[in-house]
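Computed from the coordinates by the stated procedures, all read-outs in this text should not be read as laboratory data. Computed from a predicted structure; not experimentally measured. Please note: Cβ atoms are built from the backbone with ideal geometry, for glycine as well, and neighbour counts cover all protein chains shown.
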Amino acid sequence: MSLVSKIKASLGSSEADILFTNARLINVFNGEIMPGNFAVSKGFFSGFGSYNAKKIIDLKNCFVAPGFIDAHVHIESSMSCVTEFARVVFPRGTTCVIADPHEIANVLGKAGIDYMLESGKNQPIDIYFSLPSCVPASDMETSGAILCAKDLLPYINNERIASLAEVMNFPGVISCNQDILAKIEYSKKYKKPIDGHAPYLSGKNLYAYLAAGISSDHECTTVEEATEKLSAGMHIMIREGTAAKNLPDLLPIINEKNFHRIMWCTDDRHTDDIINNGHIDSMVAEAIKYGIDPVIAIQMATVNPANYFSLYEKGAIAPGRHADFLVFKDLYNPVIERVYSKGILLAQNGIIENEVEKPEPVSVPSAMNVKINDINFSIPSESTRIKVIEIIPDQIITRHIVARANIVNGMAVSDISSDMLKICVIERHHGSGNIGKGFVKGLNLKKGAIASTVAHDSHNIIVAGTNDEDMKAAVNAVIQMGGGLSAATDGNVCGTLSLPIAGLMSNETVCDINKDMKNLISITQSLGSSLSDPYMALSFLALPVIPELKITDKGLVDVAKFCIVPLFEP
């Protein structure tokens, strides 16, 4: 729509497409609720009050809010392709996301970014991307690609690139790593905000990180951490994902003085979580139940991220902005009944309309270079004490503990009685033969093994189990699928979920993916796991930038020391 057309539509000189009457508009600028009418022309809001229109829709005193924005999400973590992800979050009121293709970029490099950009076109939601800053996340793992500053430069001025994605390598920033700083300088030059990722960072180290230009963080887990970062000038993205649930702990930080610098994000959510619990709408609803003013909760889902990312055609019901909006009846229990995109009704009562076409799948290269017969999971004993990764339920941080090794015939093996299971990461991108070996506590498997190519952030094959035979069977299933998730017991595969797109995503419908995922989780729980989503928990055990102890294809990583450490204690 041209500027002249917008101006004439707002003046009422031209007939509006639709006049919506009897609405209670949530004004995210002044925090008020305004009764009245509003007009939409060619997908944009034109104005308020009386307009001649081709069509009139009576909203019957319902509330109208701007479409919700997810400030930071990895679409790959839904395990669905971009189209299927869009089709499941849109009916929940998410009309825009800032997606970080960090996961697929770590597997396929620039080809992964290109795939996501192409897949993001012509969707029912507007998909913007943040440009992956850490491929790989650190030098303590083997990724499928390495993206230097010069590799990112061709993308930085793309109108669909909204920011530089989470700068995970905070030690690199603080130590003035030249490539990291070059990425930051490019982003500043093109006026893109720079998203952070700095769990536990505090004091002068935090100040140095901020001085480089980092402007947000989504890794806060406590009120104290979030308060310090807010006070130092950061925007805070409160996260509620499937593995990392920070919403309940961080709601107390929100008040009328600081809410304008706080946003909602999901980061990583599995399909089952989205289907059953929702998306950004679930966070808004939970905040309202906690006692946050409903309008403030909605502002944090709309105008706050729009302003942060300079998306000034989003985030508000105002003249000249995209007519993306939600309709619901109860302000204190906002169950979304209708969702409009560019003024067109595309979802009602949780169901997307049929007129939204699914584009043809975009092809993506294969990324599996592993020979099952070359894998050896045995761990010769070097002492009787070992470092162990301890899972913290509903968090992606882990504990670093030291335990007595279970030694059988000179080999360190799993100890089911103490819930200490062998865990390995197998490099899959280059056929290097690297295998990191260790032990994990908290999976609670009593038999069998589980494996996955979803292993943040380099997405090598991660496997954990009670014995080597089942671990090998689970890994072989993943290799044969070209990527995915599996479970095995008694030497046989008992469950799979195929993820042929870079070992991360599927072109199947969300319902089909969810069916296979629920079956896998049920199987894994029947093997003994007490976790609500064992595969999500497993996927983050390979992330070497989240405290305290993790594992990659190069071995155990002490995140506090930011280095590879031996498994055995002297």
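Tell me the chymotrypsin sites (Phe, Trp or Tyr not before Pro) within the range 1-94 that lie in a loop according to DSSP and have at most 15 other beta-carbon atoms within 10 Å.
Sparse-neighbourhood loop chymotrypsin sites (Phe, Trp or Tyr not before Pro): Phe29.
What does the extension gain come out to for Asp139 and Lys55, with contour length at 0.36 nm per residue minus their alpha carbon separation?
Taking Asp139 through Lys55 to full extension adds about 24.3 nm, to one decimal.
Would you mind calculating the gained length between Gln480 and Ile416 on full extension (0.36 nm times residue separation, minus the Cα-Cα distance), in nm to one decimal?
Here the answer is 20.2 nm.
Compute the FRET efficiency between Ser310 and Lys342 as 1/(1 + (r/R0)^6), taking r as their Cβ-Cβ distance and R0 = 22 Å, and round to the nearest 0.05.
Efficiency, rounded to the nearest 0.05: 0.65.
Give the calculated FRET efficiency between Lys447 and Glu382 to the nearest 0.05, with a Förster radius of 30 Å applied to their Cβ-Cβ distance.
0.65
How do 380-388, 505-513 rank on mean C-beta neighbours within 10 Å, highest first?
Averaged packing, sorted descending, gives the order 505-513, 380-388.
Less than 12 Å Cβ to Cβ from His322, Lys/Arg counted +1 and Asp/Glu -1: what total charge do the surrounding residues give?
Counting the neighbours of His322, the net charge comes to +2.
Place a point 7 Å from Cα of Ser215 in the direction of its Cβ. Which residues in the range 147-182 have their backbone N less than 18 Å from it?
Under cut-off, by backbone N: 156-168, 181-182.
Cα centroid distance between the range 436-510 and the range 66-117, in Å?
23
What is the extension gain from Leu181 to Ile401, computed as 0.36 nm multiplied by their sequence separation minus the C-alpha to C-alpha distance, in nm to one decimal?
75.7 nm
Before rounding to the nearest 500, sum -39500 (n - 2.57) across all DSSP H runs of length at least 4 in the chain and divide by the residue total; then give [θ] at 222 nm in deg cm²/dmol.
-7000 deg cm²/dmol
Once you sort the root eigenvalues of the Cα gyration tensor of the range 67-312 as a ≥ b ≥ c, which label holds: rounded (a/c under 1.5), prolate (a/b larger than b/c) or oblate (the other case)?
Cα axes put the range 67-312 in the oblate bin.
Taking the Cα centroid of the range 531-550 and of the range 359-396, what is the distance between the two, rounded to the nearest whole Å?
Rounded to whole Å, the Cα centres lie 11 Å apart.
Could you tell me the center-to-center distance, by alpha carbons, between the range 1-59 and the range 250-281 in angstrom?
So the two Cα centres are separated by 29 Å.
Relative contact order for the range 391-494: what percent, with Cα pairs under 8 Å and sequence separation of 6 or more?
About 21 percent, as a whole number.
Which order do peptides 527-540, 325-338, 215-228 fall in by mean Cβ count within 10 Å, highest first? Each step should come with its number before you reach the end.
Details: 527-540: 22.1, 325-338: 17.6, 215-228: 20.0.
Per-residue Cβ counts within 10 Å, averaged per peptide and sorted highest first, yield 527-540, 215-228, 325-338.
Spelling out what I want: for every residue of the range 91-106, take phi, set θ = phi - 60°, compute 6.51 cos²θ - 1.76 cosθ + 1.60 (Karplus), and round to whole Hz; glycine and proline get x.
Those phi angles translate into x, 8, x, 7, 10, 7, 9, 9, 9, 9, x, 4, 5, 6, 5, 6 Hz.
At R0 = 30 Å, how high is the FRET efficiency between Ser13 and Leu331 if r is their beta carbon distance? Nearest 0.05 is fine. Provide the component values of the computation, followed by the final result.
Values: r = 35 Å, r/R0 = 1.16.
That gives a FRET efficiency of 0.30.
Set the bar at 20 Å for Cα to Cα. Now go through Lys110/Lys371; Lys437/Lys472; Lys6/Lys189; Lys192/Lys257 and name every pair that lies beyond it.
Cα-Cα > 20 Å for Lys110/Lys371; Lys6/Lys189; Lys192/Lys257; rest within.
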